[in-house]
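*Asks:* If you scroll down you'll find the structure; I have some questions about it.
The values are calculated or read from the model by the stated rules, or taken from the named source; none is laboratory data. What you see is a predicted model; the values in this text were computed from it and never measured. With ideal geometry, Cβ positions are generated from the backbone for all residues, glycine too; neighbour counts draw on all protein chains shown.
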Amino acid sequence: MGKGYNAAQLAELQKQAYAMRTDGATMGAIQAELGLNYSQAWWGIAEHMMATPTWAHLAEVGQHTGAALGQAIASARNAPGVQTGIGLSNSWGWLAVRFGMPESRVRSLYSEATGIQHTGLRIGKGGRYAGGLEDQYVGAARLTGIVRPVGQATQVATQAVASPPAASVGGQSMANLRKQARALGMPAPQKANKQALLAYLEANAG
């Protein structure tokens, strides 16, 4: 259970975590006082929130089976998230609580239903930029990330317009040009000169 707690002990501590959070305590203060790690504290708070009238409508546990389960997860993930005070309701963590399963299973079912990789999507502040292509994250995509079809190279998200490769790449650094070329499948971009990189990006844009 982590930190030497059995199931009953952890459940009691998570109940206390929820009470502290309701009273306005920060996650850091909750962790320090109760001896929980972030995941233990967060999960307990989220589960207790789901049992309240305010958030009960988000529950999806046991409502879907088979292929419909993956589609329901995809719909919930793609719907506008609601700020809960501990993250958006369509975050991977919240989806795990809402559907009553491990986050890894939620992510796997999402990919099966949509054909979109669940990895490489930037979530919130501090998340990674898939392929290291920070300059391609524009507008809302700086928070939501970019979409990578399963088995394909990184593609720019449809919900935001990326920097136009043919028009603006010329002023970018060689490092950025190589990152973009690598993401589009160019072999050994580190050996290409700028002219070759620009030609490849132009030929493979869109």
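*Asks:* Only residues that are within 25 Å of the chain's Cα centre (by Cα) and either part of a helix (DSSP H, G or I) or modelled with pLDDT of 95 or more (or both): list them for the range 1-28, please.
*Replies:* Correct list: Q14, A17, Y18, R21, M27, G28.
*Asks:* Kindly list the number of the only condition in (1) assigned to a loop (DSSP other than H, G, I, E, B); (2) surrounded by fewer than 17 Cβ atoms within 10 Å (Cβ to Cβ) that fails for L36.
*Replies:* (2)
*Asks:* Does G126 satisfy the condition of being outside the structural domain of S39 (by TED's automatic domain parsing), more than 21 Å from M27 (Cβ to Cβ) and modelled with pLDDT under 55?
*Replies:* No; evaluated as a whole, the condition is false for this residue.
*Asks:* So which residues in the range 40-58 are without any contact (Cβ under 8 Å) to a residue 24 or more places away in the chain, among the small types (G, A, S) and assigned to a helix (DSSP H, G or I), if there are any at all?
*Replies:* Of all residues in the range 40-58, those without any contact (Cβ under 8 Å) to a residue 24 or more places away in the chain come to 51-54, 56-57.
Filter again for among the small types (G, A, S), leaving 51, 56.
The one that is without any contact (Cβ under 8 Å) to a residue 24 or more places away in the chain, among the small types (G, A, S) and assigned to a helix (DSSP H, G or I): A56.
*Asks:* Now a separate question. Do you know which residues across the range 73-100 are closer than 17 Å to A41 by Cα, aliphatic (A, V, I, L, M) and outside any helix (DSSP H, G or I)?
*Replies:* I86, L88
*Asks:* Examine the range 57-68 for a residue that is surrounded by 16 or more Cβ atoms within 10 Å (Cβ to Cβ), out of contact with any Leu (no Cβ under 8 Å at 6 or more places or on another chain) and at pLDDT 95 or above, and state whether such a residue exists.
*Replies:* Taking every residue of the range 57-68 in turn, none turns out to be surrounded by 16 or more Cβ atoms within 10 Å (Cβ to Cβ), out of contact with any Leu (no Cβ under 8 Å at 6 or more places or on another chain) and at pLDDT 95 or above.
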